[in-house]
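Undergrad: Would you mind keeping the following structure in view while I ask a few things?
Laboratory data are not the source of any read-out in this text; all were calculated from the coordinates shown. Keep in mind that this is a model prediction, so the values were computed, not measured. Positions of Cβ are generated from backbone atoms using ideal geometry, with glycine treated the same way; all protein chains shown enter the neighbour counts.
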């Protein structure tokens, strides 16, 4: 059986081994990153979003805004318009920037 893809993140007290499938999205908050997990848990990591997202597989994760990276497997619906929003499996509706909307729509065609 192949290993379950994981990422190790330090929450300041310990390293957490997180299954990539459990990550819904990551949100930037200054030099910190909030990792939102399936089940409602949020982990605060003292690294910026760019450094964390560099370690995530591009086939599963996509940056939709300068402050947000999503796990496409947890996307539920996309509202296209002046204010584009991506709804995630936890009910959160995330803004999609105009410059990144095209890439998101390309990825939906691939799914």
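Undergrad: Using every Cα-Cα pair within segment 1-60, state what percent have a distance larger than 18 Å.
TA: Tail of the P(r) past 18 Å holds 29 percent of the pairs.
Undergrad: Another one. How large is log10 I(q)/I(0) at q = 0.09, 0.19, 0.22 Å⁻¹ when the Debye formula is applied to the Cα atoms of the chain, each weighted equally and without solvent?
TA: After summing over all Cα pairs, the log10 values are -0.22, -0.98, -1.29.
Undergrad: With 10 angstrom as the radius, rank 46, 67 by how many other C-beta atoms surround their C-beta, starting from the fewest.
TA: In increasing order of surrounding Cβ atoms, one gets 46, 67.
Undergrad: With label points built 7 Å along Cα→Cβ from the Cα atoms of residue 50 and residue 7, find their separation and express it in nm.
TA: Spacing of the two 7 Å Cα→Cβ label points: 1.6 nm.
Undergrad: Quick one: Debye curve from the C-alpha atoms of segment 49-111, no solvent, what's log10 I(q)/I(0) at q = 0.12, 0.16, 0.19, 0.30 Å⁻¹?
TA: Treating every Cα as an identical point scatterer, log10 I(q)/I(0) equals -0.26, -0.46, -0.67, -1.55.
Undergrad: For a footprinting-style exposure proxy, rank 60, 17 by other Cβ within 10 Å, fewest first.
TA: Least crowded to most crowded, the residues run 17, 60.
Undergrad: List the relative contact order of the chain as a percent without decimals, with contacts defined as Cα pairs under 8 Å and 6+ residues apart.
TA: 17 percent.
Undergrad: May I pose another question? Could you list 78, 61 in order of exposure, starting from the residue whose Cβ has the fewest other Cβ atoms within 10 Å?
TA: In order of increasing Cβ crowding within 10 Å: 78, 61.
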